[in-house]
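For reference, the structure discussed in these notes is given below.
The values are calculated or read from the model by the stated rules, or taken from the named source; none is laboratory data. Quantities reported herein were computed from a predicted structural model and do not represent experimental measurements. With ideal geometry, Cβ positions are generated from the backbone for all residues, glycine too; neighbour counts draw on all protein chains shown.
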Amino acid sequence: MSRTHESSMPPELRERLEEEHPNERAGLARVWTLLGRVAPPFEAPEASDTWAAIEAHLDDASAAPPLRNGHVHEDVDRSARRADRTTRSSSRARQSSASTWTSATVAVVVLLALSVWLWQRPVTVSAPAGTQQTATLPDGSTVELNSGSSVSYRRAFQSWPLVDAARRTVRLDGEAYFDVSHAGRPFVVETFNARVEVLGTSFNVRARSGDAAATQVTVTSGQVRVSSPQHPDRSVVLATPGESSRVTGDVPTPPSTANLDRALVWRKQGFAVTDQPLPAVVRELERRYDVTITLHPSVDRQNGALSLYYPQRTEAETVIRDLCLARGLEYRPTSRGFEIYDDAPTGAPTDTAQNSA
Amino acid sequence: MPDADTFQTWCRRLQESDRAALGQVFEAMHDPIFRYVRSITKNGAVARDITQDIFIRLWDVRESLDPNRSLEAYLFRMARNRAYNHERNRRTRTDKEDDIREDSVAQPAAPASPDVQLDADLLEANLEEWIEDLPDRQREALSLSRFEGLSHDAIADVMDISPRTVNNHIVRALKTLRERIRAFEPGLLDQ
């Protein structure tokens, strides 16, 4: 009976258990089997968002050749591990170096490579899920980041040490409110699918890839120009407070009037979604409250768009309760958050049949 | 989990700057890497960022990859370094807060009720908690072996310890878990 259990056991472990008393062995093998019930311990999130972000990053960097000094990373990793090891057990003998002169040269070269690499690495500020953060950029502009968002930019907005780049470029993943200070150089926000160019103004950019992927730009003062990288010529200018444009495909939508309170409610710890499909609303809640929300297969994901608006700070559970009420769904707490399910799915018997099949 | 040959092929293709290979590695390894980082950082958003960073870095260093060394172990090792670095930075930042919080959290778990009609969900939830309670290195070795299916050699490489120590960590973890299961419902151990 325990044969099947032990078959999934690595050979090294099985051998090691031979050293245990036979009574012990059976019990430990049984624990190994029982652990099969919890695997995997964490549900991984949708990988598509992460992949989209990686692709965007690589496309950005595709002009640059791969790092010739890639081994530097290995060296960093190794020295970190070595330090780690020495703190763990200082008894390990240190290897004698062949020649102090060559190692000094190598050290200088590595140090130089490392500092250039560190310098050209963009600075990233992020607000993890469940938090918000305000950052001041090198030119004095400020960025307020919504939960689960990050901005990155070149050190001092320079293209090379001490050389100013032609524009102040910021890469945004997620949602942020920008208050840009006037300076000679244009200020550019790049998202996974759009480009927002300004001179000095304040505006909100919401760039979420994944479900209902879009970049939405709303201006609160001044003037901004929105375009997509594919068609930089077909841009849209937003010049009146409250005007908004959205990029989903190649061309931004013409300016429309948005509800400013609603678009910026996240800055007052409120919560709002406008005409979003259920999975996108769920992702937004996960970011905002740092909880895991699972959608049971019985839930119809396609069914229409949702709008929610909470002007003040509201508990995650309240929002979920309202959402379920609006959609005729139920929810239950889980060890990591909530699960939303449909008690009486209308067209869903096929779903359950598929699951049991 | 893909076999060693597949990883070696990916490694070669990455060296030749084949983007499709990166996509395949990502697809195969995103979930295990995410889970591993998350198990160390305990924060989904951070784990997501670190996971993303790892695959970008893999692409950056593609030309210096060594097909004769395990790509799988390399990915997990990057994950481990970044996750622990993040934890170290976070701890130094919030040392005081954590100390206070730990005081209030570190209460002994309520004794399990001797319910004969044992709910499978209940055992699962408890097992998850007990795994969380294991010393870091034991939990790490156990999870990599049991949940991510890494070989002992790969785990030794990732954790920078000997395969023998990997075994010892896992056996110690199994023994601890056995005692907790025994205290919870001894019947679960026979069969």
Among the candidates B:10, B:59, residue that is in contact (Cβ under 8 Å) with a residue 60 or more places away in the chain, in a helix (DSSP H, G or I) and surrounded by 20 or more Cβ atoms within 10 Å (Cβ to Cβ): B:10
Only listed residue being surrounded by fewer than 23 Cβ atoms within 10 Å (Cβ to Cβ) and at positive phi, chosen from A:148, A:222: A:222
Residue satisfying condition, being modelled with pLDDT under 90 and over 24 Å from the mean Cα position of the chain (by Cα), within set A:209, A:228, A:298: A:298
The one condition in (1) over 25 Å from residue A:148 (Cα atoms); (2) in contact with a Phe, Trp or Tyr (Cβ under 7 Å, 6 or more places away or on another chain) that residue A:327 fails to fulfil: (2)
Selection status of residue A:50, over 35 Å from the mean Cα position of the chain (by Cα), farther than 30 Å from residue B:190 by Cα, among the hydroxyl-bearing types (Ser, Thr, Tyr) and at pLDDT 80 or above: no
Hey, residue A:281 under 19 Å from residue A:143 (Cα atoms) and among the hydrophobic types (A, V, I, L, M, F, W, C) or not: no
Set B:18, B:31, B:53, B:103: member being surrounded by fewer than 23 Cβ atoms within 10 Å (Cβ to Cβ) and modelled with pLDDT under 85: B:103
Filter result for the condition that a residue is under 27 Å from residue A:195 (Cβ atoms), more than 18 Å from the chain's Cα centre (by Cα) and at pLDDT below 85, over A:109, A:163: A:163
Among residues of the stretch A:259-283, those that are on the phi > 0 side of the Ramachandran plot and of a type outside the set (D, E, K, R), counted: 1
Single condition residue B:125 does not satisfy, out of (1) at pLDDT below 75; (2) out of contact with any Ser or Thr (no Cβ under 9 Å at 6 or more places or on another chain); (3) of a type in the set (A, V, I, L, M, F, W, C): (2)
The stretch A:121-180, subset among the charged types (D, E, K, R) and part of a loop (DSSP other than H, G, I, E, B), residue farthest from the other protein chains (Cβ to nearest Cβ): A:139
Filter result (over 19 Å from residue B:89 (Cβ atoms) and over 16 Å from the mean Cα position of the chain (by Cα)) within the stretch B:29-62: B:55, B:56, B:58, B:59, B:60, B:61, B:62
Residues within the stretch A:277-313 that are in a loop (DSSP other than H, G, I, E, B) and either surrounded by fewer than 17 Cβ atoms within 10 Å (Cβ to Cβ) or of a type outside the set (Ser, Thr, Tyr) (or both), tallied: 13
Qualifying residues in the stretch A:9-26 (those that are surrounded by 12 or more Cβ atoms within 10 Å (Cβ to Cβ) and at pLDDT below 85) - the one farthest from residue B:126 (Cα to Cα): A:20
Filter result for residue A:188 (over 23 Å from residue A:283 (Cβ atoms), assigned to a strand (DSSP E or B) and either at pLDDT below 85 or among the hydrophobic types (A, V, I, L, M, F, W, C) (or both)): yes
The listed residue being at the interface with chain A (Cβ under 7 Å from one of its Cβ atoms), out of contact with any strand residue (DSSP E or B) (no Cβ under 8 Å at 6 or more places or on another chain) and not charged (D, E, K, R), out of B:50, B:40, B:33, B:56: B:56
Residue count for the stretch B:62-75, restricted to those that are assigned to a loop (DSSP other than H, G, I, E, B) and surrounded by 20 or more Cβ atoms within 10 Å (Cβ to Cβ): 1
Set A:130, A:148: member being at pLDDT 80 or above, closer than 27 Å to residue B:80 by Cα, touching an Asp or Glu at 6+ places or on another chain (Cβ under 7 Å) and not hydroxyl-bearing (Ser, Thr, Tyr): A:130
In the stretch A:250-269, the residues that are farther than 22 Å from residue A:236 by Cβ and surrounded by fewer than 17 Cβ atoms within 10 Å (Cβ to Cβ): A:261, A:267, A:268, A:269
The listed residue being surrounded by fewer than 16 Cβ atoms within 10 Å (Cβ to Cβ), aliphatic (A, V, I, L, M) and modelled with pLDDT of 55 or more, out of A:61, A:83, A:29, A:44: A:61
Per-region count, the stretch B:34-50, residues surrounded by fewer than 22 Cβ atoms within 10 Å (Cβ to Cβ) and among the hydroxyl-bearing types (Ser, Thr, Tyr): 1
